[in-house]
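A short write-up of the structure that comes next.
The values are calculated or read from the model by the stated rules, or taken from the named source; none is laboratory data. None of the values given here were measured: they were computed from a predicted structure. Note that each Cβ is placed from the backbone with ideal geometry, even for glycine, and that neighbours are counted across all protein chains shown.
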């Protein structure tokens, strides 16, 4: 056995490592940035347990976990997004929540107990935030869903194709800002497509 | 200032902004607001091109996107765009255009000789004239025909501009911003509906700009500008100008092209050339207007013969006089306006020739007041002139055989009536119907949420258009769930009633034979239609294909109804009996770039990269595409290293020492719940009920039809927690397969599952020294007793949490380490470091493939969607006492009978000769040229470093019982025949002792 290192985990390496700095796009009215080192947890309810799981999540996080589709409730460091029938995606910044890494996974497992499955997806998703007054136009170039304020607003989410890639879209505020969760392996292709759509607003 | 034919005032052009452009190398001036066509006409240029087949001189016939003739090559170099209609090109400073389909010059074109040979070039000539000898078709005739006929030439360089796509939803889409469309949009928007209004022009207004109308006491042009301004100020309205709606698809989905940068020399930074919109309106109001039909007479294709409405448009929209001595020829009341507008613009109108015996009296009075001669009961029989119209011969429409009357002129404005633009209505699935009163097709019963209004519905009077727009906009908003109040009416002051008496084709002077063109872009003449009908091609669809009528880039916008009427006359039947052709998208030609959008070049398809991708790249690994993934195929150590050198080295390293491969691309599915064991037991053919915690098992899944679907391992992580791996290719299909059965067949099973492919980086460490390597970094006991073959355990690799599986694809002692992906590269580096002194190296998919062939592991090329477990030698795994997907269908007689292709090993018996993938396995009596007697084929080949010879896997009829037999592997494509020996597919360690060592 090798000697054990004193310090804990190595730093997480984002799939967008090659992109320097925080903001990928930083125009006057348009910004694309990566939200690094988030905890992303998928919770799936066992048969007839979706209400129980939702209640457990709500209680544990202090955020109402919606059972109806397309809703994402949040506080300043954690989002609870509907992620399909009987499934939710919990996206949290441990840093903002002053939590130890892995602590949320453990506490959710305990809260959900045998009513559902709690699956760590933290490293499987790349999280991006697209914001600014042109953000909706950039999204319209890449997704077919209706993002007009009448149809989609803050606190709403959708599982859809963005730039031909599967994504969880969450509207954060009406600036507008959108959080986009995509598969880690596709992160660079995804950013390429979004960047391309942004160029006309440079 | 050389624009001799420009009026001093009027038109929607800006005379303070002159623009300079060149056509065929000569420089001209135009104004902002011009099209290329209007600017050329202002300069007296009428000859724009040569026709498709006969190379006849052609000019400008129309003023919009329906133009069949005036096609040019726009721009030069990489931005060159052939077959662009001069009538739709917005003029910009420095524009360069050239005529096409002529050599050596437009005025003197050698191929015009085709005109003399025209009797040989009748309808369907290429089916008849060039029949013999057969071999000449591809080698000789086709080349000649393609050279002679044709349009412009495409740019050979890559398009330097980009295209993009955009989506938008709305309540009401209004197609066209003429009087009806403007009213509809304002009306709907006033109800609060989300409105999109699209128009192909830069300026909204349509016919209000083309014509000399008055609305609400002001000029139509000004009224339109006011409405446009009103719309621009409403935040629930999106104006898409320079946008053509080209397609109406299912579920009210609409395709549109916005010409973002076609009116400037090159796109501004970040702007696309064109943008394709996919629109999702709840309701569609089609106010797309109507297209005028030309009269059909001899030489009606002469430059100088134009549509009556086009002549008005050139005068009113662009302040251009298309000629100096004009004849207006018509069969309806509408063209009288042309005479009046020409007169007001100062063009001498020699006469209005009305084919009807009794023209409308008020119109006759209007002409009389202007001292314009009206000739009733006559029409133009033929036009004459060289490269431009010089005179026309008038003939009687009443069967009188008097000598034709010659009238000198340089402009004919002709009208044979109007076709409502029913294209989108028809594309939406509806059937247009024939309306006798306007001698044209009008929209029929709607099939989708659309309505046609105004001229697009066959209402040609301005007041009707305004009223219908007002009502239709409100109705569409109401149907979309809005409540509100109707906007005020708008009133048109100067509108004449529309009347028509159809005249489909003019008699010719002295009954002589003339070329009477129907489809000018494809050079289809009235005589071609007669000939086709005589030869039996007398249904519309056959006629179209035989004569190519309506099959040019203009899709017969000005010609289809004329052709149909002539066919109907031939058949002696009324037009509705003969039918109409179906309109198909796109309404106008659409550049292919629009459909690709930004997904060209390296963005053609998204790429999936593993966490170790960057390291691989730095090592100079050569990648291979596996679905969307990029995987390291092999690692050259020097520039001279070949694929062969690398995979042999990497295989040897694995078999003799230890090596590592990135297997992150395998599908990974997390499965949890009380019923997982039973769920797996039904998905896989083998037993799953008694898999202990901390153990993995290999499994085979079948499709419902009994054919093998996928293979992989599933590991039991906890009491109700399992972890499945799939092949890279089937990661998504297996998940979908599980979802499907869980949701439809076994909802009672309490399981949940999700893909965790992305969460984990997988690294296989393989080789006799793999245990030794891992013992340097892993904190659990890896002895054979504590961690045997197919064991699983959670561990720490230095500080990184890892999942460790003792599974092997190479056939060697091997482990698979999974770590959370953000630590993937770190884990890879730590493993390399742990094995540095032992000389560990990475291996790619090529060595991986070599080793799996040596071990006889089946993979994608054997799991080809046709093979059963029995064919693959895996039937022994199946537990037939339980139920599983595909169990019964796998026992169908044809799947278990003799003659099945079964997996075999194959060895070359000819030293030094390598096997060929795809080669057929045939009896030695069969000749190389004939492989119809194929008994199977080679599915995967490699050079086996361990055996020192070429080996392969293949599928061979009854192969399992033919080990030891010799047979030929032939590849006729390579003219190759190799003697091979059939053997057991497992070449190395058949008892599997190494993996358990």
Problem - For residue B:705: the one exception among (1) touching a strand residue (DSSP E or B) at 6+ places or on another chain (Cβ under 7 Å); (2) away from every other protein chain (no Cβ under 13 Å); (3) farther than 26 Å from residue B:611 by Cα - result: (1)
Fill in the blank from the handout: The residue that is modelled with the lowest pLDDT, considering only those in region A:1-26 that are more than 9 Å from chain B (Cβ to nearest Cβ) and buried (at least 16 other Cβ atoms within 10 Å of the Cβ), is A:19
Completion exercise
Checking B:322, B:362 in turn, the sole residue that is modelled with pLDDT under 95 and on the phi < 0 side of the Ramachandran plot turns out to be B:362
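Residue by residue, here is whether (1) surrounded by fewer than 23 Cβ atoms within 10 Å (Cβ to Cβ); (2) modelled with pLDDT of 95 or more; (3) closer than 22 Å to residue B:313 by Cα holds:
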site	(1), (2), (3)
B:45	yes, yes, yes
B:49	no, no, yes
B:52	no, no, no
B:61	no, yes, yes
B:67	no, yes, yes
B:80	yes, no, no
B:83	yes, no, no
B:86	no, yes, yes
B:89	no, yes, yes
Problem - Top-ranked residue in region B:831-844 [being outside any loop (DSSP other than H, G, I, E, B) and surrounded by fewer than 23 Cβ atoms within 10 Å (Cβ to Cβ); ranked as nearest to the other protein chains (Cβ to nearest Cβ)] - result: B:834
Problem - Hits in region B:506-524 - residues which are closer than 25 Å to residue B:436 by Cα and out of contact with any helix residue (DSSP H, G or I) (no Cβ under 6 Å at 6 or more places or on another chain) - result: B:506, B:507, B:517, B:519
Handout entry: Hey, residue B:353 within 27 Å of residue B:211 (Cβ to Cβ), surrounded by 15 or more Cβ atoms within 10 Å (Cβ to Cβ), assigned by TED's automatic domain parsing to the domain that holds residue B:319 and out of contact with any helix residue (DSSP H, G or I) (no Cβ under 8 Å at 6 or more places or on another chain) or not
Key = yes
Handout entry: Where a residue in region B:932-957 is assigned by TED's automatic domain parsing to the domain that holds residue B:988 and in a loop (DSSP other than H, G, I, E, B) and its partner, wherever it lies, is modelled with pLDDT under 90 and surrounded by fewer than 21 Cβ atoms within 10 Å (Cβ to Cβ), with Cβ under 6 Å and at least six apart
Key = B:933/B:926
Problem - Candidate set: region A:141-155, residues that are more than 27 Å from residue A:41 (Cα to Cα) and in contact with a helix residue (DSSP H, G or I) (Cβ under 9 Å, 6 or more places away or on another chain); chosen: the one farthest from the other protein chains (Cβ to nearest Cβ) - result: A:149
Problem - helices (runs of 4 or more DSSP H) enclosed by region A:90-202 - at least 1 residues per element that are farther than 30 Å from residue B:596 by Cβ and modelled with pLDDT of 95 or more - result: A:103-112
Practice task
Take the residues in region B:291-310 that are farther than 24 Å from residue B:44 by Cβ and under 34 Å from the mean Cα position of the chain (by Cα), then tell me which one is surrounded by the fewest Cβ atoms within 10 Å (Cβ to Cβ).
Solution key: B:291
Problem - Residue that is surrounded by the most Cβ atoms within 10 Å (Cβ to Cβ) [pool: residues in region A:156-202 that are at the interface with another protein chain (Cβ under 8 Å from one of its Cβ atoms) and farther than 25 Å from residue B:270 by Cβ] - result: A:184
Problem - Of all residues making up region B:271-289, the number that are away from every other protein chain (no Cβ under 11 Å) and not in a strand (DSSP E or B) - result: 4
Handout entry: Number of positions in region A:104-128 that are within 14 Å of another protein chain (Cβ to nearest Cβ) and farther than 24 Å from residue A:194 by Cβ
Key = 13
Exercise for the section: Evaluate the following for residue B:799: is it more than 14 Å from chain A (Cβ to nearest Cβ) and surrounded by fewer than 21 Cβ atoms within 10 Å (Cβ to Cβ)? Expected result: no
Problem - Candidate set from region B:150-169 (those that are more than 14 Å from every other protein chain (Cβ to nearest Cβ) and in contact with a strand residue (DSSP E or B) (Cβ under 8 Å, 6 or more places away or on another chain)); member that is modelled with the highest pLDDT - result: B:155
Exercise for the section: Looking only at region B:541-560, decide whether some residue is under 30 Å from residue B:402 (Cα atoms) and in contact with a strand residue (DSSP E or B) (Cβ under 8 Å, 6 or more places away or on another chain). Expected result: yes
Exercise for the section: Could you tell me whether region B:722-738 includes any residue that is without any contact (Cβ under 8 Å) to a residue 12 or more places away in the chain and part of a helix (DSSP H, G or I)? Expected result: yes
Problem - Lone qualifier among B:72, B:96 - being crowded, with 21+ Cβ neighbours inside 10 Å and either part of a strand (DSSP E or B) or not assigned by TED's automatic domain parsing to the domain that holds residue B:41 (or both) - result: B:72
Fill in the blank from the handout: When restricted to B:768, B:788, the only residue over 52 Å from the mean Cα position of the chain (by Cα), away from chain A (no Cβ under 14 Å), closer than 24 Å to residue B:724 by Cβ and at pLDDT 95 or above is B:788
Problem - Hits in region A:81-101 (condition: surrounded by fewer than 18 Cβ atoms within 10 Å (Cβ to Cβ), within 13 Å of another protein chain (Cβ to nearest Cβ) and in contact with a strand residue (DSSP E or B) (Cβ under 8 Å, 6 or more places away or on another chain)) - result: A:84, A:101
